[in-house]
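Some notes on the structure that comes next.
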Amino acid sequence: MYKVGWIKMSAANSVENVDMEKLESISVVQFVGLPDRDARKELDALIIDGSGYSPTKELMIIQWLVQETLPMVWIYMKEAESSIIDLYASIGVTGIVTNNYSFESIGKFVKNTLQKHQIALTKTFVRKQTNETSLVLDEKNISVIVNGREILLTTHEYKVLYSLKNHPNQTVSYKELFQTIWPDELYQRECSNYRIANLISKLRKKIEKNPSKPNFIKTTRSIGYVYKE
């Protein structure tokens, strides 16, 4: 169950009694004034009771809460004029609820929003984990370890990968790669570029999950190749 703080900025003019039983979808902890940092760390979201005070009075505190602490902050108000709604929207408040909402509806609304937020975070994490790949060169064995799996390379394949990896996210030209691998040979553009392209093609087949859509070695058209980190 989500733990949500209901904050009364002042004891006066706030909602006298928050109906805890009707907020059954969430666990609510009530505070008068801003809870300390340790208390805030235990909360999944905040509902700030904005009844009975000028919104500009506490605006900086609310803006700080939105930006620095919790991703979900709602404002509860007895009435909400459009200008006040615009003001809160401009500082990133998650939403505004009024006494037109039942406490039961508020609880469900907050719970559903938190669930969607959690699902989105989970999907982002899974996608990141799925896309994450690691590549480590092993000079001693003339090999590369991709996601924990060792792949043996030829000397030329190792040299070209070493050269690219030493310049991450920077294009290394065909000529530079050719001179690194065959330093004693004369660079001849058409023939030499073909030899490099052929070498890269063989290397991609070994290290890329999908050689036609490489993750590690990208082509910079007509110039060379770049190792992407």
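A few notes on this one:
- Ranked D38, D49, criterion: other C-beta atoms within 10 Å, fewest first: D38, D49
- Net charge over other residues, Cβ less than 13 angstrom from the Cβ of I196 (K, R count +1; D, E count -1): +2
- Residue order for Y194, Y227, fewest other beta carbons within 10 angstrom first, comes to Y194, Y227.
- Fewest-first ordering of K206, K213 by other beta carbons within 10 Å of each residue's beta carbon gives K213, K206.
- Assuming charge only on the beta carbon of Lys and Arg (+1) and of Asp and Glu (-1), the dipole of the range 135-227 about its Cα centre is about 420 debye to the nearest 20.
Just so you know, all these numbers are worked out from the coordinates, no wet-lab data involved. Keep in mind the model is a prediction, meaning the values are calculated, not measured. In this analysis, Cβ positions are derived from the backbone assuming ideal geometry, glycine residues included, and neighbour counts consider all displayed protein chains.
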